[in-house]
Amino acid sequence: MDAPFAARMGKMQKSFVRELLKVAQDPSFITFAGGLPNPVTFPIEQISIAAEKVMTQHGTKALQYGVSMGYEPLRKWIANRYQEKYGMNVTAENILITNGSQQALDLIAKAMLDPGDKVIVEAPSYMGGIHALRLYEPVFDAVPLNDDGIDTAVLAQKISDAKLVYTLPNFQNPTGISYTPAIKKEVAEIFKSTRTHFIEDDPYNELRFSGEDTPPLFSYAPELGFLMGSFSKVVSPGMRMGWICGPLHLMDKILIAKQASDLHSNQLSQYIIHQFMLDNDYNAHLKGIQNLYKNQRDLMVAAIKKHFPSSISHTIPEGGMFLWTRLPEGMDALKLFDKAVEQKVVFVPGQPFFTDGSGQNALRISFSMTPAEQIDEGVQRLARAIKTY
Ligand code: PMP
C-alpha cells in the first residue's frame, strides 16, 4: 500500500545533485562541487573556549528552553553590526534567530505562501531555496540574472501578480554574481511601487574579498522585505545559526511560524556564538577567510583562462564561494559530468538551479573547499573532459 503522504510531497524530489556527487567520495577525485565552507576556517579553539565559558557562567540558562525570537544579546549583536556596517535602522526587535538561514526561508514561506501564489526567483537561483519554497506549492516565475544583477526590465514586467520575490544580491549561489548598488536601488523602487514583498538571502555578505561593500537591498525597502543572514559560512554551519531581519509589522506572524515549528533555536549554539563574538576580533577572523577564498578564486580564474577554450564564459565573483561557467549553447553539463568523472573531477551541473528546466549548458564551480595546490590540476582535468566531450 502506498504511504499516505500529503499531495504536496509528490512535487518534491531528493536532491539529485547529492546522488550524483556520491561518486566523488574517492580521495583521488578533485572536487569543485561542494557548497561547503572550508573547515580550515572553523575557529575550533575559540569556540571551545567560548563553550567552556558559557557552561561555567551561563550553564543553567544555556541548557534551558529560551525565548522564540532568540537570545537577546545575540540579536542585539546582529542589529549592531547592521547599524555599524550600513547605518541601518534596526534593533534586536527586528531580528529572529533561526536554525540556519535555511529555516528562515521555510518560516517565511510558511507564513506568507498559499498554494498557487506566484513567487519570482532569479534564473538561476539557489537550489536549496527553491526546494524550501516548493514545499508550500507556489507557482514559480523566473527573471534572468545579468552580470550586474537581476534583469530589472523583466522583473518590472512580471511583478504585478507576484506574492514574493526571492533574491540573492551578494555573491549568489550558484553564479557568484552580485547586484550593483544601482540595481539594488532600482529593484527596491520596483518593490515599493508595486508593494511587493521580497526575501533577501545573504549568507555570503561577510565574504567579500574584492570591490566595494554595498548596503543590502533591504536597507532601501525595509518595510517590504526579509533580510536573511547566517553564521554558517563565517563561523560554523554545524551550529545551525541564522536569522531573519524584518520590519516589526511582519515579524509577529513569522514568530508564530517559528513557535509552531520548533519553539526556538538551539539555545546553546546561540550562547556560544555570542560568547565567541565577545571574546574575539571578528573582523580579523573574517579577513582570514576572505584571504583564503580570494587566493583560491584567483587560482581558479587563472587556471580557467589557461586551460579552458575561450568559447567558455565564466563569472569573476568579488566574494563568496562559487563561480559559474557556461559551455557553448547546445552542450550539456550533465553529459560533461560523466566525462569529468572519468577524469576524476566533479562540479555541479547547472540545471537544478533553474525552475524551468533550462541551464543545461551551465556549471557551478566552487573554489572554497579545493586545496590551492589542486586547483590548477582540477581545472586541467575538467578541460580534458571538455575536450573529450
Ligand atoms: N542560502 C544560500 C544562498 C545558501 O547557499 C545556503 C547554504 N548553502 C543557505 C541559504 C542555507 O544556509 P544555512 O541554513 O546553513 O544558514
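The values are calculated or read from the model by the stated rules, or taken from the named source; none is laboratory data. No experiment lies behind these values; they were computed from the predicted model shown. Cβ atoms come from the backbone with ideal geometry, glycine included; neighbour counts cover every protein chain shown. Surface areas here come from the heavy atoms of the whole protein model, side chains and all, with no ligands, DNA or RNA. Shrake-Rupley method; radii C 1.70, N 1.55, O 1.52, S 1.80 Å.
The table for this structure:
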{"quantity": "Near pairs, Cβ below 7 angstrom, 6+ apart or cross-chain, from segment 309-320 (within 14 Å of Gly149 (Cβ to Cβ)) to any residue that is open to solvent by less than 60 Å² (accessible area, probe 1.4 Å) and not in a loop (DSSP other than H, G, I, E, B)", "calculated": "Thr315/Leu323; Thr315/Trp324; Pro317/Arg297; Pro317/Leu323; Glu318/Arg208"}
{"quantity": "Identity of the residue in segment 17-37, part of a helix (DSSP H, G or I) and of a type in the set (A, V, I, L, M), that ends up most open to solvent (accessible area, probe 1.4 Å)", "calculated": "Val23"}
{"quantity": "First in segment 55-75 and among the hydroxyl-bearing types (Ser, Thr, Tyr) and modelled with pLDDT of 95 or more, second anywhere and surrounded by 15 or more Cβ atoms within 10 Å (Cβ to Cβ) and in a loop (DSSP other than H, G, I, E, B), Cβ under 9 Å, 6 or more apart", "calculated": "Tyr65/His264; Ser68/His264; Ser68/Ser265; Tyr71/His264; Tyr71/Ser265"}
{"quantity": "Any pair with Cβ under 8 angstrom, 6 or more apart, that starts in segment 219-235 at a residue that is modelled with pLDDT under 95 and ends at one that is in a helix (DSSP H, G or I)", "calculated": "none"}
{"quantity": "Pairs where the first residue, in segment 114-130, is open to solvent by less than 20 Å² (accessible area, probe 1.4 Å) and the second is within 16 Å of the ligand (Cβ to nearest atom) and basic (Lys, Arg), C-beta under 9 Å, 6+ apart", "calculated": "Pro124/Arg364"}
{"quantity": "Wholly within segment 115-215, strands (runs of 3 or more DSSP E) carrying at least 1 residues that are of a type in the set (Val, Ile, Thr) and within 11 Å of the ligand (Cβ to nearest atom)", "calculated": "162-167, 197-201"}
{"quantity": "Residue check for Ala372: crowded, with 18+ Cβ neighbours inside 10 Å, modelled with pLDDT of 95 or more and over 18 Å from the mean Cα position of the chain (by Cα)", "calculated": "no"}
{"quantity": "Pairs with Cβ under 7 Å, 6+ apart, first in segment 172-190 and farther than 23 Å from Gly359 by Cα, second within 12 Å of the ligand (Cβ to nearest atom) and open to solvent by less than 20 Å² (accessible area, probe 1.4 Å)", "calculated": "Lys184/Pro169"}
{"quantity": "The one condition in (1) more than 30 Å from Ala7 (Cβ to Cβ); (2) crowded, with 17+ Cβ neighbours inside 10 Å; (3) not acidic (Asp, Glu) that Gly87 fails to fulfil", "calculated": "(2)"}
{"quantity": "Candidate set: segment 61-80, residues that are part of a helix (DSSP H, G or I) and open to solvent by 40 Å² or more (accessible area, probe 1.4 Å); chosen: the one farthest from Ser219 (Cα to Cα)", "calculated": "Lys61"}
{"quantity": "Close pairs (6 angstrom Cβ cut-off, 6 or more residues apart or separate chains): of a type in the set (Lys, Arg) in segment 82-93, part of a loop (DSSP other than H, G, I, E, B) anywhere", "calculated": "none"}
{"quantity": "From Ala302, Ala284, Ala260, Ala221, residue being away from the ligand (no atom under 14 Å from the Cβ) and closer than 19 Å to Met88 by Cα", "calculated": "Ala221"}
{"quantity": "In segment 97-113, the residues that are open to solvent by 10 Å² or more (accessible area, probe 1.4 Å), assigned to a helix (DSSP H, G or I) and either in contact with a Cys (Cβ under 7 Å, 6 or more places away or on another chain) or within 12 Å of the ligand (Cβ to nearest atom) (or both)", "calculated": "Ser101, Gln102, Gln103, Asp106"}
{"quantity": "In segment 328-356, the residues that are open to solvent by less than 60 Å² (accessible area, probe 1.4 Å), part of a loop (DSSP other than H, G, I, E, B) and touching a strand residue (DSSP E or B) at 6+ places or on another chain (Cβ under 7 Å)", "calculated": "Phe347, Gly350, Phe354, Thr355"}
{"quantity": "Asn94 being at pLDDT 95 or above and open to solvent by 50 Å² or more (accessible area, probe 1.4 Å)", "calculated": "no"}
